[in-house]
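Here is the structure we will look at.
The values are calculated or read from the model by the stated rules, or taken from the named source; none is laboratory data. Please read these numbers as outputs of a predicted model, since none were measured by experiment. Quick reminder, even Gly has a Cβ in these numbers, built from the backbone with ideal geometry, and neighbours come from all protein chains shown. Remember, those area values only see protein heavy atoms, side chains included, never the ligands or the DNA or RNA. Shrake-Rupley method; radii C 1.70, N 1.55, O 1.52, S 1.80 Å.
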Amino acid sequence: RARTLAEHRMIERAVEDYQRALELNPTDYSLYREMATILEQAERLSEALRHWEVLSANTSKPGGGAWEEALAHVVDLHSRLGTLESFVRTQQTLLKETPKNRHHALLLAQAHLTLNHWTRAQKVLENSRKHFPKDALLLSLLVRALEGQNKAPQCLSVLRRLAELDPQRARDGIERFSQWGNHGDEAIQLAQLLVDLNPTDTAAFAHLGQL
């Protein structure tokens, strides 16, 4: 019923229903996502942030789409609330205490990227990469940090590794890479790599043809 109420913009009643549902099912994290979404739509940002934070803290396994969505919302809401700088300081402290913590590392890196602190994001991600060398999300964020500094050779190297781990993420990065600077040959090489790794991927063939 909460979903129906939310669809009809009856936010207060929908929130009450979600709260009752969460009391009965406190580990159903899909409810946290739905609750956070309607609170954000209603501009109740602080409340929405609390629910996204719960979701991010409990769905942080590598490859988890729910966690990635929560990460983006947590950082975005801190930015909208004007608390991103203090959030960065908190995450820095937590990461210093637990340097192998993927959750804190990626939250901190995403916050730095939002603030255009490219070198700081790179440092966090390079350190975390030592512990999670096959983390595709980490590598995709590292690509963004390198792009922000126009570090083409390093960006190319990370994209090659990313292409082996997660072709879709790599494709997005290759498309951006081909648009900045004179890196057409490198972009074509990467696009060819995607085809070689995924010979049945029609999108990879189409992208190579466009380049």
### Message
Need one number: nm distance between label points at HIS131 and GLU175, each 7 Å from Cα along Cα→Cβ, rounded to one decimal.
### Response
3.3 nm
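Set the Förster distance to 25 Å, then compute FRET efficiency between SER86 and GLN210 from the Cβ-Cβ distance, nearest 0.05. Mind showing how you got there, number by number?
On the way: r = 44 Å, r/R0 = 1.74.
The calculated FRET efficiency here is 0.05.
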## Note on the structure
A chain fully extended from LYS100 to GLU23 at 0.36 nm per residue, minus the present Cα-Cα distance, gains in nm 24.4 nm
### Task
Express in Å², to the nearest 10, the accessible area of LYS123 obtained by rolling a 1.4 Å probe over the protein heavy atoms while all chains stay in place.
140 Å²
### Query
Direction-averaged shadow area of the convex hull around the Cα atoms of region 55-148, nm²?
5.3 nm²
### Task
Any chance you could run the full-extension gain for LEU165 through GLU43? It's 0.36 nm times the residue separation minus the Cα-Cα distance, nm to one decimal.
40.2 nm
